[in-house]
Structure formats: structure tokens, C-alpha cells
Amino acid sequence: MPKSTTPKLNDTQLILLSSASQREDGLLVLPESLKASAAKAAVTKLVGLGFLKEVRVKRDQPSWRTDEEERPLGLKLTKAGAAAIQADEETAPDPEQPKRSGRIESGATEPRAGSKKALVLSLLTRPKGATIDDLLSATGWLPHTTRAALTRLRQEGHEFVKSKNADGETVYRAETHPKPRGVKLAG
């Protein structure tokens with residue numbers, strides 16, 4: 001098997017790429033919880049690797065910074081970035097689904113039917129839940145992409161219960177009704 005030439009990315013970089021791959025426009029939305037210095041370091045590396053590129057965006061789209069003329073610049077996932085996280089299958093429009101237009105609702109938690117996100121949620125809501133291996137087999141993703149997807153689902157308000165099965169593997173089970181976004185739970 002040939003050795004991969006993809007550079008090793010840390011969890012923050014993987015999550016940033018994964019979240020951009022899940023948007024129809026491919027633009028990166030930086031998490032509010034990410035410190036500015038960590039965001040700058042992660043973005044600088046991803047742009048340097050060609051996984052993200054700076055593009056002009058409209059004022060209502062996610063922006064990263066402004067240029068010298070005070071016009072907003074955003075970060076867009078490139079084909080190389082999608083390939084780095086094996087997300088190119090996710091970002092391609094489903095031939096059976098018409099291409100969506102307009103804005104994506106920020107509070108939307110229901111995935112598009114037939115999407116990998118819907119597949120992952122269906123596996124996690126089974127009575128027996130799903131292991132990372134179950135999710136890898138079903139989606140064809142790499143382990144880091146699968147973990148990033150679980151993180152993104154948590155950020156969207158889905159809760160997971162972790163337990164061990166008879167073989168000692170970690171099993172994830174999702175609550176069937178996600179919590180509303182933006183609500184912090186005590187504890």
C-alpha cells in the first residue's frame with residue numbers, strides 16, 4: 001500500500017475542514033469558542049497547504065478578514081482540502097436531490113435524506129448504537145473525519161451517550177431529539 005503524502009492535521013484543522021465541507025458554499029465558519037491565535041495558526045497552515053483559499057464574499061456570508069479596501073474575505077474549502085478529509089463525496093450534489101439554493105437555516109438539525117449525515121444519525125439512533133468501526137464501514141470515511149463529524153453533530157445540539165459493548169469497544173448512541181443550538185447545559 002503506498003504511503004499517504006497528506007500532511008498530518010490536528011483536530012482543530014480537521015474540524016475546520018470538515019465543517020466547511022458540510023456547507024453547500026464550502027465556506028469556513030470559525031467556531032466562536034476558538035481563540036483568535038489558534039484560529040490564525042490553523043487557518044495559516046490550511047491556506048499554506050492549499051486546503052483553504054481566501055475568496056471575496058458577500059457581506060452576509062462568513063468572513064475571515066477584510067482586505068485593504070475593507071471588503072470581506074472568506075475561506076473556501078479547495079478540492080485538495082476536501083480530498084484531505086475524504087469529504088469530496090459529501091460535497092458533491094446528490095443526483096437524486098435537486099441542488100439547494102438560498103440560505104441554509106442556521107438552526108436546521110434535520111439532515112438531507114440520503115446524506116452521510118443522515119446515515120450517521122440513523123446508525124447512532126439504533127438501540128445498539130454504533131462503534132467508530134460501524135461508522136467507518138458505513139460512510140467510507142477515515143477515523144479523523146468520523147470523529148470530526150461526531151463533533152460537528154454535538155455542536156449542532158445532538159447528544160451522545162458513550163458506553164462499552166461486550167468486546168470492550170466504545171459505542172455511541174444519540175438522543176433522538178437534539179437540544180436547540182446555542183443552549184448551554186449546566187454540568
What single numbered condition from (1) modelled with pLDDT under 90; (2) surrounded by fewer than 14 Cβ atoms within 10 Å (Cβ to Cβ) fails to hold for residue 34?
(2)
Among the residues of segment 122-139, write down those that are among the polar types (S, T, N, Q) and either in contact with a strand residue (DSSP E or B) (Cβ under 7 Å, 6 or more places away or on another chain) or closer than 9 Å to residue 172 by Cβ (or both).
125, 131
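Please work out which residue is nearest to residue 62 (Cα to Cα), limiting yourself to segment 17-40 and to residues that are in a helix (DSSP H, G or I) and in contact (Cβ under 8 Å) with a residue 12 or more places away in the chain.
Looking at residues that are in a helix (DSSP H, G or I) and in contact (Cβ under 8 Å) with a residue 12 or more places away in the chain, I get 20.
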When you scan segment 71-88, do you find a residue that is at pLDDT below 85, at negative phi, part of a loop (DSSP other than H, G, I, E, B) and touching a helix residue (DSSP H, G or I) at 6+ places or on another chain (Cβ under 9 Å), even just one?
yes
Condition test on residue 14, is it touching a strand residue (DSSP E or B) at 6+ places or on another chain (Cβ under 7 Å), under 20 Å from residue 147 (Cβ atoms), part of a helix (DSSP H, G or I) and not aromatic (Phe, Trp, Tyr)?
no
Residues 24, 54: which one is more than 26 Å from residue 156 (Cβ to Cβ) and at pLDDT 85 or above?
54
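The values are calculated or read from the model by the stated rules, or taken from the named source; none is laboratory data. These figures come from a predicted structure and were not determined experimentally. Heads up, the Cβs are rebuilt from the backbone with ideal geometry, glycines too, and the neighbour counts pull from every protein chain shown.
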